[in-house]
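Here's the structure, in structure tokens; my notes come after.
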Amino acid sequence: MDDVDRRIIAALRTDGRATNQRIARSLRISPATVGARIRRLQNMNAMRVVAVSDFAALGCKVLLAIGVQVQGRPAPEVAHELAALPQVFVAHLVTGAHAVEILVALHDLDELEAFLLRDLAKIRGIGSLAAGIAAQVIKYDFDRAPIT
């Protein structure tokens, strides 16, 4: 990845619907070059263009980070089952005090109770949880994410 690739990606971060022509004009290269580089970057899994929704626009007012200790079952199995829950938007296998960490978006505190007591209670292998509600989001940068 060279400087031109990084500048194309930066342009798409600013406006994911920018045309090859507009990007080419701003970078002073041809639209064909922009298109070829975007295809190459996508084929290399170096980038993809996606729509990102705002939590508030979706009605989610509660963001929750949960550390999960796993017992009696392989952590990857528990992580995959947690990741399948629609409220979970990030699931990681981690080192440290917990085997799994998840990030959860919920509409309100009533949904929080249902999520903890109904949805998580069904998952075998959860030993304990350490949950924290986000009081204020200081930074939430989606410029980098696993593609594969």
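Laboratory data are not the source of any read-out in this text; all were calculated from the coordinates shown. Note that the coordinates shown come from a computational prediction; the quantities given were computed from them, not determined experimentally. Cβ coordinates were reconstructed from backbone atoms using ideal geometry, including for glycine residues, and neighbour counts include every protein chain displayed.
Please report Rg over Rh for the chain, where both radii come from the alpha carbon positions and Rh follows the Kirkwood definition.
Radius of gyration relative to Kirkwood radius: 1.10.
Restricting to DSSP H runs of at least four residues, report the calculated mean residue ellipticity at 222 nm for the chain, -39500 (n - 2.57) per run over all residues, nearest 500 deg cm²/dmol.
The per-residue figure over the chain is -9500 deg cm²/dmol.
Which ³J(HN,Hα) values, rounded to whole Hz and listed in residue order, are derived for the stretch 15-32 from phi using the Karplus coefficients 6.51, -1.76 and 1.60 in 6.51 cos²θ - 1.76 cosθ + 1.60 with θ = phi - 60°, glycine and proline given as x?
Calculated HN-Hα couplings, in order: 8, x, 9, 4, 7, 4, 4, 5, 4, 4, 4, 5, 9, 6, 9, 7, x, 5 Hz.
Under 18 Å from a label point 7 Å along Cα→Cβ of residue 142: give me every residue in the stretch 85-107 with its amide N that close.
It comes to 85-92, 102-107, nothing else.
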